Amino acid sequence: MAILSKDEAQAIMKKVLGFAKADETEVGLGGQQSGNIRYARNAVSTAGEVSNLNLSVSSSFGKRTGNATINEFDDASLEKVVRRAEELARLAPENPEYMPLLGPSNFAESIGFIPSTAAMTPDTRAEMVAKSLKVSKDNKLESAGFLQNSAGFRAMANSKGLFAYNKSTDVSFSVTVRNQEGTGSGYVDHSFNDVGKLDTLALTKIAANKATSSAGAKAIEPGRYTVILEPLAASDMLGGIIRGFEQRTADEGRSFMSKKGGGTRLGEQLFDEKVNIISDPMNPELPGATWSGDGMPVEKTVWVENGVVKNLACSRFWAQKKGLKPLSGPGGGRFGGGGMIMAGGTASIEDMIKNTEKGILVTRFWYIRMVDQQTLVQTGLTRDGTFYIENGQIKFPVKNFRFNESPIIMLNNVEELGKPVRSGSSILPPMKIRDFTFTSLSDAI
Amino acid sequence: MKRRNFLGMAGMGAAGALLHGFPAIGRSITEADALMIRADAAAKKRMADIALQAARSKGATYTDVRIGRYLNQAVITRDNRVQNVANSESYGIGIRVIANGSWGFAASEKMDADSIAKTAALAVAIAKGNAKLITEPVQLAPQKGYGEVSWKTPIEKNGFEIPVKEKVDLLLSVNDAALKGGATFINAALFMVNEQKYFASSDGSYIDQDIHRIWPTFTVTKTDKASGKFQTRDSLSAPMGMGFEYMFASPEHKIIGGPTTLYKGRYDMLEDVKAATMQVGEKITAKSVEPGKYDLVLDPTHLGLTIHESTGHPTELDRVLGYEANYAGTSFLTLDKWKTKKFNYGSKLVNIQADKLQPGSLGAVGYDDEGVQSGQWDIIKDGILVNYQTIRDQAHILGLQASQGCCYADSWDSVQFQRMPNVSLMPNKQTRSVADIIKSVKKGIYIIGRGSYSIDQQRYNFQFGGQLFYEIKDGQIVGMLNDVAYQSNTQEFWNSMTDIADKNDYRLFGTFNDGKGQPSQASAVSHGSSTAKFEGVNVINTARKIG
């Protein structure tokens, strides 16, 4: 059984720590049960189910550390993995950045586990996909999609008495619907902790509608346009920015948060004052881990307030070196959990279109890559539904564009923010952005 | 540990970087363990036969079994310290069946007879369940059984047998050279893979393979506090299907005479980092490019990725048919273009070949993951599209009597599917040097190394950067440029290819983790070419100012 209870996990980890002879020992235990079903050309292609349970041991003698993992749980194997980690620790060079382990802490109980999501079966998934297939078949369209659910736990214990445990579930669904002529394409992609919130029929209808309405796209000149980015497109663009809120890289002069002449831009008005970004592992729509990989609690944190950067994530080593307070980072990234949550307004995408004189509506972006690490300029393309707006109405679909744009510049050019929704591992509003730079056209559909 | 996770833990950039994930899945092993792990083909045959029989008894009309042991090692350093040394192992069985005309797949890490039989039964049950949601039964190209055969990457030094200390010392000496040369930061890493794969099928094949890959890499960073600017330069190494001998370059493996030393078949990491440290400083003060049309001279360390994205991916038949529509995309190379046998992909100099046997390449294997023997074939001949890349259930679509052997799975617990073979641009049949090509350029840019890369979901419109950009004026390299990226359309770009160097310049580029599929899988593949010239390509300036 891949999903162990708190007590079961603690019992295994206590046993492992009982075998330890190192100065300090840290044990991680995690399990996941996941299933998926994939389809294309209006038929199922593959389906599978995977279960994993893994134990990791990190042993340290002074500043020498060794790591070992195992997926066998008899007593002999548990002792063997501890001995392996200790053997590697003795061989390892000293790590000058080694930090002593933390002691016990009161971590909040995570809220991300929904039993109905964990209970999904291959039949449940097939039924949900059948609803999606019906939409495309009924409308003489063609769909390709993917549905995946998982349930898992993570636990951590160390020789200083720290113990932490989190349990979570996740279900994600994406579908691309194309017309049979190959001239139109639509897409949706949603993730939830609770499968009860996933309606594959309704979501596929949205993708089908986009497939139909995006057919026969016209070419218009690339250039700078006002864009309305649906939440999926907005999250595609902003993924990189949240990882930049980090003290060390800013101090080291290799981040957009680095200041000319040294220091960081913490406290500066970097974005439009409408921009407010937080992370919060207890948000019911986007629950996250309540402790980080190095044993620090993860709590609600304000990253940007009215366009001003208020905090930078900081590792324990760097905090000690610089005399700062350590802080777990957002985005489930290097130091912590809890995705990016950006505040917005109450307007729907339809409302935002009505307020737009001339602009482009973007469903999603594709193949985004960093062009310049200094300015975070990225390139990529629009995909699966790009439309021209004039005088408050969608006038016609347009061919896809390639963009070259920085999310920092983008967040300075905010005209309006709509009602936030969850998109992947973020909660973001649709955004109306002026002067978004498209550099060329693509014939891809 | 799965290779995709093994790569993710490095935190260093790689092509198709769609794949992330940690903690690792699988067992970690020590250096001593790695040496003791050796395949026992007879034992694996017994396990495979249990699976084949169990699947047949449950109603499978076809079964294949993959028993895989995947060994990985990552040695990762930064500046004067080791960040991580991780050895890992993943071992298990994957069983794929056809039942009621539909595919089914199941995998287990439990290798006792009872578990194997249950896994086979589960695969058949999933196939029968899926059969309710298919539109036509799987049509599998015939494949003869080879009996008991084996294949090994022809390595000289098994990287797993080289002591960790030797690898750590090498990387720390690389870092030391960079720091002494004035680098502000240096990350260097060495990744090694050993796939021990056993394949058996109801066709009568029992194939035992031992595959090795290696990837040394670094990123040098230099910052300028006064201006607040920083630049990086990545290693010019190609990951290879080789052993540790790759790390020992002799003079015959070096191409000297251009703006930087380039490597052929072996790699000198220490020499490259010294050059990189000087060049990264030059990059900070290099002239920002004037946008416009340029003739581009593209080195194989750069051109390989262009080949990968604009010829490798669009000629994958599963994309053409729509199987990747929800993720990696489709392809502009629809079947009608192939059927005409006249579709003009590029100029007459453009000859693209698929080759699963190429020595030293990442994609070299004796047999693919559905038991098809490796081969070589033309994809683009004299500028015309002539073929795609297929697996067994696609061959009939092209009227082929057999698969081209392009099936691969990145782990025993991943289902195998269509992946790119080594796809390469053939060199000039006439004698032609890089110096001759540069002399022929009036206004151009010579690009070396892989940089930012992006292409649309049907592989028309792309934008590529690089590591080093040198301005060419009237046949001479006159200095370094910065902020360069070129944009083009695949067909226009390959039609603008007007020159290519000969076989003396032919080198392999490679990528360790090309992402595709849902759930996403990684594959490693090489692309060979000689330096080529493309006329009148649109170059943009990527510099922007932030507040």
Across all Cα atoms of the stretch B:408-494, Rg and the largest Cα-Cα distance (Dmax), in Å, are 17.6, 56
Find the Rg to Rh ratio for chain A, where Rh is the Kirkwood radius over alpha-carbon pairs and Rg uses the same atoms. 1.01
Integer Hz, Karplus 6.51/-1.76/1.60 couplings in order for the stretch A:213-224, x for Gly and Pro: 6, 8, 5, x, 5, 9, 8, 10, 5, x, x, 9
If I model a spin label at A:K395 and B:V478 as a point 7 Å from the Cα along the Cα→Cβ vector, what separation in nanometres do I get? 4.3
Sorted list, accessible surface of protein heavy atoms, 1.4 Å probe, largest first, for A:D435, B:D499 is A:D435, B:D499
Please report, in whole Å, how far the alpha carbons of the stretch A:89-148 spread along each principal axis, starting with the longest. 64, 30, 17
What nm distance separates the two modelled labels at A:D199 and A:E97, each placed 7 Å from Cα along Cα→Cβ? 4.8
Using 30 Å as the Cα-Cα cut-off, could you pick out the over-long pairs in B:K356/B:K473; A:K260/A:K321; B:K342/B:K443; A:K218/B:K356? B:K356/B:K473; B:K342/B:K443; A:K218/B:K356
If R0 = 51 Å, then B:K157 and A:T346, at their Cβ-Cβ distance, give a FRET efficiency to the nearest 0.05 of 0.20
A versus B: buried accessible surface, summed, Å² (probe 1.4 Å, to nearest 100): 6400
When all protein chains stay in place, what accessible area (Å², nearest 10, 1.4 Å probe) is found for A:R41? 90
Integer Hz, Karplus 6.51/-1.76/1.60 couplings in order for the stretch A:206-212, x for Gly and Pro: 5, 5, 5, 4, 5, 4, 5
Extension gain, A:F317 back to A:L266 (0.36 nm per residue minus Cα-Cα distance, nm): 16.4 nm
Residue-normalised accessible area of the protein assembly as shown, expressed per residue, 1.4 Å probe, Å²: 36
Place a point 7 Å from the Cα of B:D378 in the direction of its beta carbon; the residues of the stretch B:318-351 whose amide N falls under 16 Å from it are B:338-351
In straight Cα distance, which aspartates and glutamates are under 16 Å from B:K132, not counting same-chain residues fewer than 8 positions off? A:D123, A:E127
I'd like the accessible area for B:I546: 1.4 Å probe, protein heavy atoms, all chains in place, Å² to the nearest 10. 40
Hits among lysines - C-alpha to C-alpha of B:K503 under 18 Å, sequence gap 8 or more where chains match: B:K254, B:K264, B:K348, B:K381, B:K429, B:K533
Set of aspartates and glutamates with alpha-carbon distance to B:K545 below 19 Å, sequence-local pairs under 8 removed: A:E268, A:D272, A:D372, A:E405, A:D435, B:D224, B:E290, B:D483
Applying the gyration tensor rule to the Cα atoms of chain B (axes a ≥ b ≥ c; rounded if a/c under 1.5, else prolate if a/b exceeds b/c, else oblate), the class is oblate
Set the Förster radius R0 to 60 Å, insert the Cβ-Cβ distance between B:K339 and A:N106 as r into 1/(1 + (r/R0)^6), and round the FRET efficiency to 0.05. 0.30
The protein assembly as shown - Debye-derived log10 I(q)/I(0), Cα point model, q = 0.04, 0.10 Å⁻¹: -0.18, -1.35
Trypsin sites (Lys or Arg not before Pro) lying in DSSP loop within the stretch B:279-343, provided at most 14 other Cβ fall within 10 Å: B:K341, B:K342
With all protein chains present, how much of the accessible area of the protein assembly as shown (probe radius 1.4 Å) comes from carbon and sulfur, to the nearest whole percent? 50
Going through the stretch B:176-265, which trypsin sites (Lys or Arg not before Pro) have at most 16 other Cβ atoms within 10 Å and a DSSP loop state? B:K225
With DNA, RNA and ligands ignored, accessible area of B:I134 (1.4 Å probe; Å², nearest 10): 50
The orientation-averaged projected area of the Cα convex hull of the stretch A:217-445, in nm², is 12.2
Estimated 222 nm signal from helices in chain B, with DSSP H stretches of n ≥ 4 weighted -39500 (n - 2.57), rounded to 500: -6000 deg cm²/dmol
Counting Lys +1, Arg +1, Asp -1, Glu -1, what net charge surrounds B:Y246 among other residues with beta carbon under 15 Å of its beta carbon? -1
Karplus-derived 3J(HN,Hα) from phi for the stretch B:465-475 (6.51 cos²θ - 1.76 cosθ + 1.60, θ = phi - 60°), whole Hz, x at Gly and Pro, runs x, x, 9, 10, 10, 10, 6, 10, 10, 6, x
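The values are calculated or read from the model by the stated rules, or taken from the named source; none is laboratory data. Not measured: the values here are computed from a predicted model. With ideal geometry, Cβ positions are generated from the backbone for all residues, glycine too; neighbour counts draw on all protein chains shown. Surface areas here come from the heavy atoms of the whole protein model, side chains and all, with no ligands, DNA or RNA. Shrake-Rupley method; radii C 1.70, N 1.55, O 1.52, S 1.80 Å.
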